[in-house]
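Only one structure is covered here, and it is reproduced in the block below.
Here, each number is a calculation from the coordinates, and none is a lab measurement. Everything numeric in this text was worked out from a predicted model, so none of it was measured.
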Amino acid sequence: MQMRFDGYLGFPGGFVDSTDQSVVDGLNRELVEEINFDTDKHRVTQNNHVMSCICSHKKLVTHFYAIEVTRPQFEDIEKRSLIAHDWGGEVRLFIPQILHCIFSSVYMRLPT
């Protein structure tokens, strides 16, 4: 998770724009921008889709994707995030402990 520019906690992501051919392309682009994600090592695909939620009052559909990485891979992702394009602007803080608490020992259902 990350602390966003507006003070909210959230996952990396964003909107699909005109350069993206799909939601997954948009997600991979946003991951590169926000956390300097190495898509040569860990590219998110449609097979990584976990769930989608519709927020009618905001006219918004959100999609949640997850990939499995080893601890050393996660530590590399964390280090790379500090030199991301959006670091310090759109992204203010990377918070790995929350993810560890959610996913380390028990499967917990994400709120809808």
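Using the Karplus curve 6.51 cos²θ - 1.76 cosθ + 1.60 with θ = phi - 60°, what ³J(HN,Hα) values do you get for each residue of segment 62-67, in whole Hz, with x for Gly and Pro?
10, 10, 10, 10, 9, 10
Tell me which residues come under 5 Å, amide H to amide H, from Y65 once H is placed; ignore anything under 5 positions away on its chain.
Here V50 satisfy the definition.
Let me know the whole percent of all Cα-Cα pairs from segment 2-103 that are separated by more than 17 Å. Don't skip to the answer; put the middle values down first.
Details: 2848 of 5151 pairs.
Counting pairs separated by more than 17 Å, the tail of P(r) holds 55 percent.
Which three lengths, in whole Å and largest first, does segment 15-71 cover when its Cα atoms are put on their principal axes?
The principal-axis extents, from largest down, are 38, 24, 18 Å.
What is the Cα centroid distance between segment 67-83 and segment 22-60, reported in whole angstrom?
Comparing the Cα centres of segment 67-83 and segment 22-60, I get a distance of 17 Å.
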